[in-house]
1. Where a Cα-Cα gap under 29 Å defines reach, which lysines qualify for LYS861, not counting those fewer than 8 residues away within the same chain?
2. With only Lys, Arg, Asp and Glu charged, each at its Cβ (+1 for the first two, -1 for the last two), find how big the charge dipole of segment 232-322 is about the Cα centre; round to the nearest 20 debye.
3. Can you tell which of PHE258, VAL285, LEU275 lies farthest toward the positive end of the dipole of segment 246-316, using +1 and -1 charges on the Cβ of basic and acidic side chains (Lys, Arg; Asp, Glu)?
4. Heavy atoms only, probe 1.4 Å: what % of the accessible area of segment 25-104 goes to carbon and sulfur, would you let me know?
5. How large are Rg and Dmax for segment 141-269 when calculated on the C-alpha trace, in angstrom?
6. Excluding THR320 itself, calculate the net charge of residues whose Cβ lies under 15 Å from the Cβ of THR320, where each Lys or Arg counts +1 and each Asp or Glu counts -1.
7. Obtain the radius of gyration and the Kirkwood radius of segment 462-511 from its C-alpha atoms and give Rg over Rh.
8. On average, how much accessible surface per residue is there in segment 557-613, in Å², for a 1.4 Å probe, leaving out ligands, DNA and RNA?
Amino acid sequence: MRVASIVNSFVGFLLLGILCKGISSSQMGCFDVEREALTKFRSKLIDPSKFLASWDATQDCYNWKGVTCHIETGYVIQLNLSHGQYSGQIDAALLQLKHLRQLDLSYNSFYGVKIPDFIGSLKELRVLDLSYADFSGKIPFHLGNLSYLEFLDVSFLLYADSLDWMVNMPSLKHVGMDGVNLSMVGSRWFHVINSLSSLQILKMPGASLSTFPPTPSFLNLTQLRHLDLSSNQFHSKFPNWLVNITTLVSIHLHFNDFYGDISSEFAVLPHLEKLYLWHNYNLTVNCTKLFSGSWKNIKEMVIDGVELYGEILNSIGNITTLTSLYLEGNRITKGFLSPMGNLHNLQTLFLQGFEDSIAPKLDWLCSLTNLTELYILNSRFPGPLLACLGELSPLEVIRIVNSMLEGVVLENHFQNLSNLTYLDLSQNSLEFRLPIDWLPPFQVQMLYLQSCHLGPQFPLWLQTQKNMDYLDLSQTSVDSIPLWFWNITSELQYLNLSMNNISGSLPYITLANYIEDVYIDLSYNKITGPIPFLTNPFQFLDISYNQFSGVIPPLFGKMESLEILNLSHNNLTGGVPPTLANCGSLKVLDLKANHLSGNIPWSSVQFVNIENLHLEKNKLSGEFPSFLKNCTDLQILDLSGNEFSGSLPRWIGVRLSNLRILQLRSNMFSGTIPELRNLGYLQVLDVSHNRLTGAIPRGITNLAAMRTNHDTKNTLGYGSNYYKEKVDVSYNGFVYEFTSTLSYVIALDISNNNLSGTIPEEVGNLIGLIALNLSGNQFFGKIPQSIGKLHQLINLDLSRNHLSGSIPPAIVSLTFLSHLNLSYNNLSGIIPRGNQLDTLDESNYVGNEGLCGYPLRKECKSDGRDQIPVQPLGDEEFEDESEMRWIYAGIAPGFAFGLMVCKIGFVGILQDGSEMRWIYVGIALGLAIDFLVDEAKISWRYDYEY
């Protein structure tokens, strides 16, 4: 027995050794067919990082990077090549890996290669990750053959017209389709997803989905934990039925257009940790109900950008698990005070749009001892900055912006904030009074103090900040920049010192040398001397509205990454450097209001990316710049106020099809106006004060943008978070600077030339015009009746021509009109009365000997032959006019008043959008006009009829 046991043990050990040797042999030798397949697959890839250098065909493939073999069988079961920057082709040799269970090619650069159909034949796959690898085209339906697949991610750049192939994949637990275009799938997407009973994670943000189902007849998603359908196009009632999926841990439905009221039952979901509903502007949330729920595990609640209403009561303080809370208090009637102090785990607090009546004091912030990020934006909390903030040592971010803070900032506000890296107190009325030798306890990376009072001395404590990337000290009343400041800017990517009183000259400027998107804004100061030597490849440089002198440095031409360059409103002289055209990325170039002279030296192959070009108010000469012929992205071109001459080339109306603003006034251009009918986006055309001849081209009356009403949503010019386009437009005899209201401006000015012929009847097609100026030409014939169709007109000037005949009665229907000039023509007959015309004086009609009637002193003959009806629309039709027309009429004087205020600087330097405030003032004025006109109509009709 003992011998038998020994023999059996020996045989067992022998067999175990043979088995181990077999396993070792299979690993050591790999399988030739798989090694060859991987070698062939490798040969079709481009590997810039040399990650696949270990794939040596003479070596064991289980040692190759990214390759995993089964520990027992030796077969290749995993191929992980994510984040490798690979490109090239995916070879079908992968089909030889018949035991492959995981294929990960995510985060690579296959540059538009389609996902191969043969991947659907790798039937043992459990994990397929092709996300963010720059694949394109249609997702192959062959993937539906992967019946064992548990993880599928095909995010980004792809599209699908059907998801029915997923029905055959019952084991799916993870589906990722971020940024996949599913717009053609329609409403069936949910039917397919609902069939996947094993699904735990569904990610379809930015997938162009538009249809969300009402309450489904059955719900099969009993294991779903994470749902992300954000940034889609849903316009449907909020899916409150999601509360039936009790396994949910996170819900991401932000950036959609859901409407209705969110159910308070979300508060009882036992596992819910994250709820993201922000930017659903039509979604309503009853705070009283929502915050009174149990919320057992909620950690992150983001519901700003929705319609919150009701009262925030003490119950919010019971949600003690919260770590992040984002709220927008637009319709909240009662606020929170001490209850917030119970949120001891709160780390991030974001409040926007709150009024002081909701939370008149912010003292409760002092009890949030674990707070690391504090955001209070666009709210109303007048009063000092809380001194207790300096005691919240975990704070890393403080952003209290445009919230009416006032008073003094002292060192105790920052005394324990050693972790602070982001400080933003912009657009408040705070005065910093810090000791001259103050040493901050923090090292900030981002510091924004716009409109706070720091000056006149530059803050000495900035010398201690060694890690700053972003610095904004605009509108802080500083009057000089010390030399030491330029020694601490080597890390800065963003510098804004605009709208101060800085004087003197500048030394060499060196900002962050290791990046190309450097931003610097020194505009609206009093800086003198030459433009400093700039050692950085800037992306944005604005030194406008200063007193810089000398020439434009040729070294600008070395800044290949430069996108925005604004040197306007200085005292620069000399020519435009030819090297500037080497800035191949340049999109905005503004050189206006300097003393530049000479010809434009650029060739026709340069500046092809330019979008906005301002050269106005200089002494530049030569013919119309030929290099513009290839600038097909050009939207704004302003050459006005120079000495350009010659004819206007015909290719303007062909090659520059994206033009929105074309201003050539006050030059010496001659010849005829070319056909511009193809400029469908053109909204401002000003060729006034030149030497142009000929008739008005018929194409002008067909400009599409002038034939429609104003598009206030359509932004104009180069889009940037920092750059706002400014355009000077001649209006009512003055030149005004437009910014945020630029999309309202639709104007045609061809005045003060030698144009002749008649005014075409088709001018009435330009119904979007707010300003039309044809004065100072040789036009003859009658004023077309169609002029009465231009209901948006605020300014109409036909003076100093040879127009004859009567004033068309339809002109009375121009109810927005605030400026009319028909003087010095050959007009005759009675002046029409009614609406805006009754507010004009005789200066608008002088020089027309044949005119009579109010407001002229010359009375009309009583025989009636020249009489024009007082109400050209007829009493009945006049009654049908909406009362709102009189309110709209008030916009005209309000608009003009607002422009005047902007022009004379009555309110100082206005923020973007402030012109609109004066337009709104005009609406109020319109209400007053409405009342007065109604009274006048009643009185006049009584006299006229009885």
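The values are calculated or read from the model by the stated rules, or taken from the named source; none is laboratory data. These numbers come from a predicted model, not from an experiment. Here Cβ is always computed from backbone atoms with ideal geometry, including for glycine, and neighbour counts include all displayed protein chains. The area values use the complete protein model at the heavy-atom level, side chains included, leaving out ligands, DNA and RNA. Shrake-Rupley method; radii C 1.70, N 1.55, O 1.52, S 1.80 Å.
1. Partners found: LYS782, LYS937.
2. With only Lys, Arg, Asp and Glu charged at Cβ, the dipole is about 220 debye.
3. Checking the options against the dipole of segment 246-316, the answer is LEU275.
4. Of the solvent-accessible surface of segment 25-104, carbon and sulfur hold 50 percent.
5. Both quantities, over Cα of segment 141-269: 14.0, 43 Å.
6. In short, 0.
7. 0.93
8. Accessible area per residue, segment 557-613: 32 Å².
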